[in-house]
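Undergrad: This is the structure I have questions about; it appears just below.
Read-outs throughout are calculated quantities, based only on the coordinates presented, and are distinct from any laboratory measurement. The model shown is predicted, which means the values in this text are computed figures rather than measured ones. Neighbour counts run over all protein chains shown; Cβ positions are idealised from the backbone, glycine included.
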Amino acid sequence: MVDSWNWRSYVSVGERRRQAAREVEARRKKGQAVSPVLIDGRTIVRTFWGKAWCENLERYSDFANRLPRGRTYVRHGSVVDLQIAAGEIHALVSGSSLYEVQVKVEAVSKARWRSICEDCAGGIDSLVELLQGRLSKAVMERICRQGVGLFPAPREIAMSCGCPDWATMCKHVAAVLYGIGARFDKHPELLFRLREVDEKDLIASAGKGLPTPAAGAPGKGKVLGGEDLADLFGLDMATGSGAAPAGRRKAVKKAAGKKTVGKKTGVTKTAAKKAAAARKTARKRAI
Ligand SMILES: [Zn+2]
């Protein structure tokens, strides 16, 4: 079955890339700051911050079904410009035409931010460790906690795109949402700018007379591995077969030193099967 409209409007990946490159060059010549999202290989996000951003969005059923088509788009270099500022993201996405995408994200409320800082007090040694995502399980859990952490829920996000088939979330917006994750990989501080909070508060809290967490409280503990991050969001990052039930969360491995989060670790088939059964819908994951 041939749809003539689709046939006429079809633009190959190669041609889209050329169009995007021309567009970036034209804007640069005009003196505009252009910041394309460049994905190296198939992996869109590699660090804790980039992964956590994407995992957060995918855990909401409102988004889960619409996001996947954005992955291919962002991998192909379709997000030719992405600018992250306080409370909003502006992007240009190359499709059949060039579309402007805007994503607005509400600021973290003062009360919520204070709560996060208090709960993490004493648990983050330095800004470098924070931005590298070298965090204890407890701190990470607090930062990623659904609805009250640092990552936005769908109700805190408003999106728009200039394309004709704009609905709840078109592929251009989906590509931008992944592009934001990729940008956080390289510039995690932009997450804090976006949510209008100061990341230094998380470090400073330890010395501001806030309650020092007792042993076992947030902040003290081992650093997470990739599988633990997946558990945190109720997702299986390695196989994409669904979530591991909370009861099956693996103990954090003891390590001589802190290790950077983000390593993919295998999940056994048995665990994956049980995880799949535990969830109503299995999602393909390719990040
Ligand atoms: Zn669109």
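Undergrad: In Å and from the alpha-carbon atoms only, list the Rg and Dmax of the range 1-133.
TA: 18.7, 62
Undergrad: Calculate, for S115 and K186, the FRET efficiency according to 1/(1 + (r/R0)^6) with r their C-beta to C-beta distance and R0 41 Å; round to the nearest 0.05. Show your work: numbers first, answer last.
TA: Working: r = 29 Å, r/R0 = 0.70.
Step by step, r from the Cβ atoms, then E = 0.90.
Undergrad: What is the projected area of the convex hull of the Cα atoms of the range 100-151, averaged over all directions, in nm²?
TA: Over every viewing direction, the Cα hull of the range 100-151 projects on average to 4.6 nm².
Undergrad: Continuing with this model, one more query. Kirkwood hydrodynamic radius of the range 144-196 from all distinct Cα pairs, in Å?
TA: On the way: mean 1/r = 0.0801 Å⁻¹.
It is 12.5 Å.
Undergrad: What is the gain in length, in nm to one decimal, between S96 and K29 on full extension, counting 0.36 nm per residue of separation less the C-alpha to C-alpha distance?
TA: This chain segment gains 21.8 nm when fully extended.
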